[in-house]
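Remarks on the structure that follows.
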Number of protein chains: 2
Amino acid sequence: MSIKIASKSHVEDLLAKYDTFLFDCDGVLWLGDHLLPNIAETLDLLRSNGKKVIFVTNNSSKSRADYVKKFKKFGIVATTEEIFGSSYATAVYVDSILQLPKNKKVWVLGGSGIVDELKLFGYESLGGVDPRYDGLLDMNDPESMIYKIDPDVGAVVVGLDTKLNYYKLAVTMQYLKDPKVPFIATNIDSTYPSKGMKLPGAGSCVESVVCASGRQPITSCGKPSKGMMDAIDKAHKLDKSRTLMVGDRLNTDMKFGREGGLATLLVLTGIETVETLGELSKDEQPTYFADKLGDLYELLQ
Amino acid sequence: MSIKIASKSHVEDLLAKYDTFLFDCDGVLWLGDHLLPNIAETLDLLRSNGKKVIFVTNNSSKSRADYVKKFKKFGIVATTEEIFGSSYATAVYVDSILQLPKNKKVWVLGGSGIVDELKLFGYESLGGVDPRYDGLLDMNDPESMIYKIDPDVGAVVVGLDTKLNYYKLAVTMQYLKDPKVPFIATNIDSTYPSKGMKLPGAGSCVESVVCASGRQPITSCGKPSKGMMDAIDKAHKLDKSRTLMVGDRLNTDMKFGREGGLATLLVLTGIETVETLGELSKDEQPTYFADKLGDLYELLQ
């Protein structure tokens, strides 16, 4: 059974056992635009105890640089090196695993985060936030971008696109007609929480493309994919026996930590409730759970 | 093995054996805006021999009335009663099978064909071609339609929407949060042929909703669904042993005919080729195949 973090000695135990703390962001540190209680204090506590903190997010609409700004807005200091987003993990994949030649372009169905991270690796993107793909597909317009498929595109990346439309889906399909062009998903979260509502997530964009193209992505770069863990491990040389993954989702965060060989801490400020925790098999139980991340700070006072 | 319609006697045999001819439209009668050769002549031939002709299409973007106009544009006479589209089949389903009370509304992610057919059965639609759902979802706009979910919606219909966007997907998800609201797909064709290209089909819209909502449609109303065959049978009292289904797709048209107990004729003017025919198991073979439907007329001359 999971141990509930409910006393000062529980927190002292965590501090003694773990050197590195991996955090999911939305649902753990904040909910949308609203910082959760005592987050800055908890992060300060960990850092002042010499702990390494790393932020791991599946939201591919932002680059690492965008996240640094978002943290700053909340009054939290974070460096680019501490942030692992699925947009960055995707760029690492395209560069290191696919080894796509730099003269090849990437078709992006997704937001600016992917485009920015690919650019840092020297890749030109098409699609993404290009306004020429906004609006309606007009097959009678000979100038439509659907008739301007670029033969230099060497990979297709699909992530969350909150400006998704039929036009972009149709163009994405044309690039996937060539079986030699690999199809990569940034992540496959089915939903995207916003303002207390659930909106379609990256997985919803990916599944639409899967159906239309008849192809499956060769990989998903977000949690719980191993690719994300490998990228973090490569950059930070994790001692996995002394690393804790903190998150609010069982099927991404907790799975990611468990399958990566880490201890896990579920917080109940996001997707899951104490009821869903009770329904889990022994193997699926997180190592720890807490009502909220800020409890680590509060319980020590 | 399938019999190739390649001589006058083959055609005479068809005329002797079958009284009712069911036709898929796109890929059989026309390709996009281009009528295939000798189609009007073939239909005239059948009618002058006392045959009943029925047109069965999965394209839900048009109503039966729209189809009558489209036929007329091609110089072909067809009546509303001869046309079975998935938009009509969906309206029949909502009315006869679901028996949705008439004071309930239907949320439509799809085109005007669905809205028009539902209206003929007395149902008010929301969504569809309403321009308020064009453009981008703005969660910061308190007037956004995402905050105006209508509690009178009693069913959700998803079909091909060539104006699909994230905004409509997000609203569709909100209506599907209530498990008592049934989710109906007009059809699940993965692709939609247009101007010699393959564009995303209704299935691509449906799969996006399936992923985001975590729900599966309770039925699909297009071919090869039994619901479509039942609707035709109810209206025309088919003698199935003397009915032939003509189409260009194995996984919709031919499956629909075969599973409905009809003889089948595959034409090679659309999706399938003589090579795909050769790869089929004995059970999957259509009864007949022909290079094109117009061969029925040409071979008799």
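Summary of computed values
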item	result
Single residue of segment A:209-226 satisfying the filter (in a helix (DSSP H, G or I) and in contact (Cβ under 8 Å) with a residue 40 or more places away in the chain) that is nearest to the other protein chains (Cβ to nearest Cβ)	A:212
Residue in segment B:139-152 that is nearest to the other protein chains (Cβ to nearest Cβ), counting only those that are open to solvent by 10 Å² or more (accessible area, probe 1.4 Å) and in contact with a helix residue (DSSP H, G or I) (Cβ under 6 Å, 6 or more places away or on another chain)	B:149
Any hit, segment A:207-221, residues being surrounded by 16 or more Cβ atoms within 10 Å (Cβ to Cβ) and in contact with a Pro (Cβ under 6 Å, 6 or more places away or on another chain)	yes
Meets criteria (over 30 Å from residue A:175 (Cβ atoms), surrounded by fewer than 20 Cβ atoms within 10 Å (Cβ to Cβ) and free of Cβ contacts under 8 Å to residues at least 40 places away in the same chain) for residue A:280	yes
Scan of segment B:257-274 for residues that are in contact with an Asp or Glu (Cβ under 9 Å, 6 or more places away or on another chain) and over 18 Å from residue B:293 (Cα atoms), ordered by number	B:258, B:260
Residue identified as in contact (Cβ under 8 Å) with a residue 40 or more places away in the chain, of a type in the set (Gly, Ala, Ser) and open to solvent by 20 Å² or more (accessible area, probe 1.4 Å) among B:263, B:235	B:235
Those residues of segment B:168-191 which are at the interface with chain A (Cβ under 8 Å from one of its Cβ atoms), open to solvent by less than 10 Å² (accessible area, probe 1.4 Å) and part of a strand (DSSP E or B), in sequence order	none
Helices (runs of 4 or more DSSP H) lying entirely in segment B:1-91 (those with 1 or more residues that are open to solvent by less than 40 Å² (accessible area, probe 1.4 Å), without any contact (Cβ under 8 Å) to a residue 40 or more places away in the chain and more than 20 Å from residue B:120 (Cβ to Cβ))	B:8-17, B:39-48
Pairs where the first residue, in segment A:139-164, is on the phi < 0 side of the Ramachandran plot and the second is part of a helix (DSSP H, G or I) and open to solvent by 60 Å² or more (accessible area, probe 1.4 Å), C-beta under 7 Å, 6+ apart	A:145/A:132
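A quick yes/no check of all residues on (1) at pLDDT below 95; (2) out of contact with any helix residue (DSSP H, G or I) (no Cβ under 7 Å at 6 or more places or on another chain); (3) open to solvent by less than 60 Å² (accessible area, probe 1.4 Å); (4) assigned by TED's automatic domain parsing to the domain that holds residue B:169:
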site: B:97; (1), (2), (3), (4): yes, yes, no, yes
site: B:102; (1), (2), (3), (4): no, yes, no, yes
site: B:108; (1), (2), (3), (4): no, no, yes, yes
site: B:111; (1), (2), (3), (4): no, yes, yes, yes
site: B:118; (1), (2), (3), (4): no, no, yes, yes
site: B:121; (1), (2), (3), (4): no, no, yes, yes
site: B:124; (1), (2), (3), (4): no, yes, no, yes
site: B:128; (1), (2), (3), (4): no, no, yes, yes
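The values are calculated or read from the model by the stated rules, or taken from the named source; none is laboratory data. Bear in mind that the values here come from a model prediction, so they are computed numbers and not experimental data. Reconstructed Cβ throughout: ideal geometry from the backbone, glycine too, with neighbour counts over all protein chains shown. Note: accessible area is taken over every heavy atom of the protein model, side chains too, but ligands, DNA and RNA are not part of it. Shrake-Rupley method; radii C 1.70, N 1.55, O 1.52, S 1.80 Å.
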